[in-house]
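To keep things clear, I will list the structure first and then write my remarks on it.
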């Protein structure tokens, strides 16, 4: 890694509607380094990235590439400066080949027609140069997520990008695919490519990055070495104080209040599932991607109807209608919050009250005052930032979007809350807040079922853990005996020492 800088921002500022979201941000990235940008949701990470890539224009400050002052007013300017960004949602066209995706929109022409042979030759040269496990003629739809990420990276490198910005690139990857991506990143670093890496997963940051820039409230609060800094130090810098240490929670379990699932099967996805979830406890459900976790909780919520078997709440059948289950006290925080969890263009207010109109209406008419008061109280109770009820939800950070979804249900005093990957893309500070809200609800006697791929979350937050493997329950861990290693082994179909095999 060189000491020479590929990117330097100097006193960059940005405001929206009179609210300053960036304050004199100085960011330096060296040539040939993997540099992490960290901070809570709303700290300003996305805003500085959007300024660097031309999505937003800065109000003040300067940007330098290779020591030269540059003006970036749009994405074309960023590309010309050698900056490319890879978002969580890949921009590839699945039906096209690797070559067709890489040259999409700027095809090499010969006699008025695309020169497929030359484009293929150039793509193969890129693949050989960077050692990627890709084939020029392979259709993207047939590839795994890790290979698609490689294709996206190759597309960026084909434009001679000097700086790659990766925004939460491992969200949809398995453990093995994530490791494959890291190997790719390390290879790029060795060839001199700089990478700005954004992730909320601290273990990834320590695994693959060289340095960290930490932001809080729109300002840079520190730059540290990934190899020497302690996780507690990074967390404290991000949130402005140390996280409180919580002991093992002793749940007050109500065995008379429970959801019971019997002989539940769903096509080839779920097979003879049986378990109980009790009031007062947080039941964690683990397992690898594809093990049937999401399908299982979707059946319980009523979103999937064509299952076999029975689901009861306190001995009474649970409806296969989402609307009826909501009225009966169910709530659901889905895995994909952007497409299933909220309405991006609607306001914070509308997203909070949308499941409570049955309680806010009289003779079919919604009481405006009740609607506004309901939302304002939820925004205050669950610390949604900014606390602007008319602001479109798409303008909030991921963590605050998740708070709004949770506030929607908690403000109804739900009796059954199902959470599917509740903290994906959420920073450590918001995670801690969400866990507090979950525990408070459980302490009131509600049934909470949480699906999670985060082993630390699963083992530390859950009172009991059930692990799925191959569409059926494989192992149960009681009384906080689930270690991360044991859950990982069980997820892979290997019985661990802790816990009981069902």
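The values are calculated or read from the model by the stated rules, or taken from the named source; none is laboratory data. Because the structure is a prediction, the values reported are computed rather than measured. FYI the Cβ positions are ideal-geometry reconstructions off the backbone, even for glycines, and counts take in every protein chain you see.
Structure values in brief
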item	result
Residue that is under 30 Å from residue 13 (Cα atoms), without any contact (Cβ under 8 Å) to a residue 60 or more places away in the chain and either out of contact with any helix residue (DSSP H, G or I) (no Cβ under 8 Å at 6 or more places or on another chain) or part of a loop (DSSP other than H, G, I, E, B) (or both), where the choices are 170, 159	170
Qualifying residue in the range 404-426 (condition: without any contact (Cβ under 8 Å) to a residue 24 or more places away in the chain, surrounded by 17 or more Cβ atoms within 10 Å (Cβ to Cβ) and either in a helix (DSSP H, G or I) or not assigned by TED's automatic domain parsing to the domain that holds residue 314 (or both))	no
Of all residues making up the range 436-449, the number that are touching a residue at least 40 places away in the same chain (Cβ under 8 Å) and part of a helix (DSSP H, G or I)	5
Verdict on residue 188 being more than 30 Å from residue 320 (Cα to Cα), modelled with pLDDT under 95, surrounded by fewer than 17 Cβ atoms within 10 Å (Cβ to Cβ) and touching a helix residue (DSSP H, G or I) at 6+ places or on another chain (Cβ under 8 Å)	no
Some residue of the range 239-247 being outside any loop (DSSP other than H, G, I, E, B) and either surrounded by 15 or more Cβ atoms within 10 Å (Cβ to Cβ) or at pLDDT 95 or above (or both)	yes
Meets criteria (in contact with a strand residue (DSSP E or B) (Cβ under 6 Å, 6 or more places away or on another chain) and part of a helix (DSSP H, G or I)) for residue 207	no
The range 1-23 - residue that is out of contact with any strand residue (DSSP E or B) (no Cβ under 8 Å at 6 or more places or on another chain) and assigned to a loop (DSSP other than H, G, I, E, B) and, of those, modelled with the lowest pLDDT	17
Subset of the range 323-334 (residues that are surrounded by fewer than 20 Cβ atoms within 10 Å (Cβ to Cβ) and in contact with a strand residue (DSSP E or B) (Cβ under 8 Å, 6 or more places away or on another chain))	328, 329
The range 223-235, residues that are assigned to a strand (DSSP E or B) and either surrounded by 16 or more Cβ atoms within 10 Å (Cβ to Cβ) or within 20 Å of the chain's Cα centre (by Cα) (or both)	224
Given (1) more than 24 Å from residue 209 (Cβ to Cβ); (2) part of a helix (DSSP H, G or I); (3) at pLDDT below 90, number of the condition residue 106 does not satisfy	(2)
Counted residues, the range 190-204 - those being part of a loop (DSSP other than H, G, I, E, B) and closer than 19 Å to residue 10 by Cβ	0
Pick from the range 450-492, criterion within 23 Å of the chain's Cα centre (by Cα) and free of Cβ contacts under 8 Å to residues at least 12 places away in the same chain, ranking: farthest from residue 439 (Cα to Cα)	485
Residue within the range 24-42 that is assigned by TED's automatic domain parsing to the domain that holds residue 163, more than 23 Å from residue 200 (Cα to Cα) and in contact with a helix residue (DSSP H, G or I) (Cβ under 6 Å, 6 or more places away or on another chain) present	no
Test: residue in the range 288-302 that is assigned to a strand (DSSP E or B) and surrounded by fewer than 20 Cβ atoms within 10 Å (Cβ to Cβ)	no
Residues (closer than 24 Å to residue 425 by Cβ and part of a strand (DSSP E or B)) located in the range 24-51	25, 27, 29, 34, 35, 36, 37, 38, 39
Total residues in the range 344-379, condition assigned to a loop (DSSP other than H, G, I, E, B) and in contact with a strand residue (DSSP E or B) (Cβ under 9 Å, 6 or more places away or on another chain)	5
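Each row is one residue, and each column tells you yes or no for (1) more than 32 Å from the chain's Cα centre (by Cα); (2) closer than 16 Å to residue 164 by Cα; (3) without any contact (Cβ under 8 Å) to a residue 40 or more places away in the chain; (4) loosely packed, with under 12 Cβ neighbours inside 10 Å.
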{"residue": "76", "(1), (2), (3), (4)": "no, yes, yes, yes"}
{"residue": "87", "(1), (2), (3), (4)": "no, yes, no, no"}
{"residue": "100", "(1), (2), (3), (4)": "no, no, yes, no"}
{"residue": "105", "(1), (2), (3), (4)": "no, no, yes, yes"}
{"residue": "111", "(1), (2), (3), (4)": "yes, no, yes, yes"}
{"residue": "116", "(1), (2), (3), (4)": "yes, no, yes, no"}
{"residue": "120", "(1), (2), (3), (4)": "yes, no, yes, no"}
{"residue": "139", "(1), (2), (3), (4)": "no, no, no, no"}
